[in-house]
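The values are calculated or read from the model by the stated rules, or taken from the named source; none is laboratory data. All figures in this text were calculated on a predicted structure; none of them were measured in a lab. Note that we place each Cβ from the backbone using ideal geometry, even for glycine, and neighbour counts take in every protein chain shown.
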Amino acid sequence: ENNNDQEQFNEYSTDEWSSYADERYTSISYLAVQVSGLFIKRFHRTKRNIKALLSEILLPVIFIFLAILFIKIAPDDSNPPPLILHPWHWGKPNYIFQSISINQSSLLSKSIQQTFIQSPSLGTRCMTSTILDTQLYPCDSADAGYYEASTSEEIMNALNNVDYYKTRISPKCDCWQTMQKCPIGARGPLPSFDKTETEDTLYRLFGYNISDWVVKTEFLEEYLMKRFGGFEFLLQNDLNSIDLLNETLINKLMYTISQINKSTSMIDAAKVAALFRVYPPQISVNNFS
């Protein structure tokens, strides 16, 4: 009896839901209904949470827009303009120095030294073929020339106290706590200088201790980014060549070796001595930076 009741119930249920079963969606229609349902569900959910809408949709759009905007206004670095390198970017004047003995320097050293003070002077600024803007970097030959510097009595007394003119070492600077602080007289007497056509200053440091002067002027404010080294022209060398080993010494060595080994060797001492011959340079220039 129970089985009969169950069968009757199933038949009744099937007849009742048969009309709904006929209206079910299949295939693409079923997928479209599912997607539309998800969108409707998402709409009602987002409508109840405005902050989520702003953070998930509007903010990313705003950031993307800003990124595109900055890319558009950024400069084009694909073809940057050529950069002209020269020492006059940091204003004027620039400082260099030279040390040359007027009476004892070689003719070649004197010729090199003259190129600093004669036209077109330093660099390519005053050349007719210069690529620099002549309005920004003019050449002034009116003030070019030699200027004598006078040393005060106070500085002279400080130098005499350390016997500067014998040792060529000026008063010591203090580097114990901070950057070096130098007393009066450090760096030696005030040097004379040449004004060049490029409006730069060329110090004449003949008779100075170059190392002492360079170290003790390194942190002066007037030289920061404005001093570009200098040259020391050494004294003329009268030696044509220097033999590290001469023929006499080589012959003595070969004789001693032959006595020990009881053999004779045929070695040309003149050719061997030539291998140990040194020729002094004709250009005597030291560069300090």
Query raised in the report: If you go through the range 139-149 one residue at a time, how many are exposed (fewer than 12 other Cβ atoms within 10 Å of the Cβ), part of a loop (DSSP other than H, G, I, E, B) and touching a residue at least 40 places away in the same chain (Cβ under 8 Å)?
Result: 3
Report task. Would you mind finding the one in L132, L235, L224 that is at pLDDT below 90 and either more than 31 Å from the chain's Cα centre (by Cα) or aromatic (F, W, Y) (or both)? Result -> L235
Report summary line: Just one listed residue, out of P60, P82, P75, is of a type outside the set (A, V, I, L, M, F, W, C), surrounded by fewer than 11 Cβ atoms within 10 Å (Cβ to Cβ), more than 18 Å from Y146 (Cα to Cα) and modelled with pLDDT under 75, and it is P75
Report task. Have a look at E197, E148 and point out the one that is modelled with pLDDT of 85 or more, of a type in the set (D, E) and in contact with an Asp or Glu (Cβ under 7 Å, 6 or more places away or on another chain). Result -> E197
